Structure formats: structure tokens, C-alpha cells
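What follows is a short report on a single structure.
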Amino acid sequence: MPEKKTVKKKKAKKPGPHERLKWETARELGLDDDLAKAGDELTVREAGKIGGQMVRKLIRAGQKALADEQRKQTAAETTPDSPEK
């Protein structure tokens, strides 16, 4: 008698930060309905708009993080560790 093959079901993954950003961006561009249909309704141009906006947002976030880090370093260098008497 042949053995039964077991089929493992894929567990639904939690959406990661990039997935959430993709949906947020698609919503802002009014393309979330098309994206909800497994992307079958998206044109290459629409997909490119979503990806391009995502990249812009990621760059802005990175620039902000770098600027904040530089401000913290500058503040730490200019303030003395112990008050002078």
C-alpha cells in the first residue's frame, strides 16, 4: 500500500515593515484595491509608482535617522560630562 504524502500548509506570515510600507504607499496612491487582487490588476507603471514612492520614503527615513544621530553626537561633544565649579 503506498504511503500517504503529507502536505504542509504554509503559515500566514506577519507583514513585515516593508510589506506595511507597500500597502501604506499603495493606499496613498489609490492603488490598494489593485494590490489587494494579488497584484494581478497592477500595471508595470503602477507597480513602479508604488516601489518608487517606497524608496523615497525609505531614503527620507534614513536621512532623518542619520541627522538625528549626528545631532546627538554633536550635543554629546559640546556638553561637559560633569558640571564645572
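Coordinate-derived values only; no laboratory data. Bear in mind that the values here come from a model prediction, so they are computed numbers and not experimental data. No Cβ is skipped: glycine too gets one built from the backbone with ideal geometry, and neighbour counts run over all protein chains shown.
Can you bin every Cα-Cα distance in the stretch 17-76 into 10 Å intervals starting at zero and give me the percent of pairs per bin, rounded to whole numbers?
Per 10 Å bin, starting at 0, the Cα pair percentages come out as 22, 40, 18, 13, 6, 0.
Can you find, among Leu31, Ala61, Gly51, the residue sitting farthest towards the positive end of the charge dipole of the stretch 17-76, where Lys and Arg contribute +1 and Asp and Glu -1 at Cβ?
Ala61
Please sort 50-56, 34-40 by packing, taking for each peptide the average over its residues of neighbouring beta carbons within 10 angstrom, highest first. Kindly include the intermediate steps, with their values, before the conclusion.
On the way: 50-56: 14.6, 34-40: 12.6.
Peptide ranking by packing, descending: 50-56, 34-40.
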